[in-house]
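Report on one structure; see the data block that follows.
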Amino acid sequence: MFGNLDHLHPEYEVYDWNRKLQFLDFAFMPPFGRFGIECDGFQSHVKDMDRERFSYALNRDTFLTGMGWKMIHFSFDDVQNRPEVCRMLLQLVISPYLLRNKTVSSISPVERDVLRLAWSMGKPLRPKDVVDCYQVNFRTARKWLQVLVEKGLLRSIVQGKYTCYYEVRENISEQLL
């Protein structure tokens, strides 16, 4: 999903409010945040849990949230049988933080909207598509697209001597959803 596993740490040690050592199944710690990812099995996390353990689990998550962690939980069944659901939910939770990433945060709201348009079309974008969608003139649309190319967010597609189409770069597309 992120192209590499550089910022993913399995069995990451954290301390609770009593200074008791706990482990997160995974810690995802890129420059833009700290995410605790838990894979909870029904048997060990629900069925065999008494009231005290249930209460402790909730308090642990609340404590970690208060300490700056964004906690994300998946059921073991979903990880094993429905990984596409887990991927979609992970993207949903982490995407707003990716948009604040230094590379992407330097874009204007209009540029972000143009990127979303390009991504949602599912095919290369033409300046005319921007003209039609935003009711701007052709020069303005082309300027917006060229700025996004300069920022490395779009790639121009040249036919003959002229750039006719623009497409979202592969390494940026998932950050914009």
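The values are calculated or read from the model by the stated rules, or taken from the named source; none is laboratory data. Given the structure is predicted, the values throughout are model-derived calculations rather than measurements. Using ideal geometry, Cβ is built from the backbone for each residue, glycine included, and neighbour counts are taken over all protein chains shown. Note: areas computed on protein heavy atoms with side chains; ligands, DNA, RNA excluded. Shrake-Rupley method; radii C 1.70, N 1.55, O 1.52, S 1.80 Å.
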With the 8 Å Cα cutoff and a minimum separation of six or more residues, the chain has a relative contact order in percent of 16 percent
Quick calc, Asp132 & Tyr97: beta-carbon distance into FRET formula, R0 30 Å, rounding 0.05, result 0.40
Inter-part gap, Cα centre of the stretch 72-88 to Cα centre of the stretch 5-55, in whole angstrom, is 16 Å
Taking the chain, the lysine pairs whose C-alpha atoms sit under 29 Å apart (8 or more places apart or on different chains) add up to 16
Summing -39500 (n - 2.57) over every DSSP H run of at least 4 residues in the chain and dividing by its residue count gives a helix-only mean residue ellipticity at 222 nm, to the nearest 500 deg cm²/dmol, of -13500 deg cm²/dmol
Of every hundred units of 1.4 Å-probe accessible area on the chain, the number belonging to carbon and sulfur atoms, as a percent, is 54 percent
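For the stretch 19-96, count all C-alpha to C-alpha pairs, find those more than 20 Å apart, and express that count as a whole percent of the total. List each step's numbers first, then the result.
On the way: 1084 of 3003 pairs.
Distances greater than 20 Å cover 36 percent of the Cα pairs.
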Which of Ile72, Ile157, Ile107 fluctuates most in a GNM of the chain (C-alpha springs under 10 Å)? That residue is Ile157
Listed by chain and number, the residues whose amide H is under 5 Å from that of Arg34, excluding neighbours fewer than 5 places away on the same chain and using placed H, are Lys70
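Using a 1.4 angstrom probe on the protein heavy atoms only, line up Asp77, Asp25 by accessible area, largest first. List each step's numbers first, then the result.
Numbers: Asp77 75, Asp25 40 Å².
Largest to smallest exposure gives the sequence Asp77, Asp25.
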Under Stokes-Einstein, the chain at 20 °C and 1.002 mPa s, with its Kirkwood radius over C-alpha pairs, diffuses with a coefficient in µm²/s of 113 µm²/s
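Whole number in Å², please: accessible area per residue of the chain, 1.4 Å probe, ligands, DNA and RNA not counted. All intermediate terms of the calculation are to be shown ahead of the outcome.
On the way: 11340 Å² over 177 residues.
Per-residue accessible area for the chain comes out at 64 Å².
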Once amide hydrogens are built 1.01 Å from N within the peptide plane, the residues lying 5 or more places from Phe26 or on another chain with amide H under 5 Å from its amide H are Glu11, Tyr12, Ile37
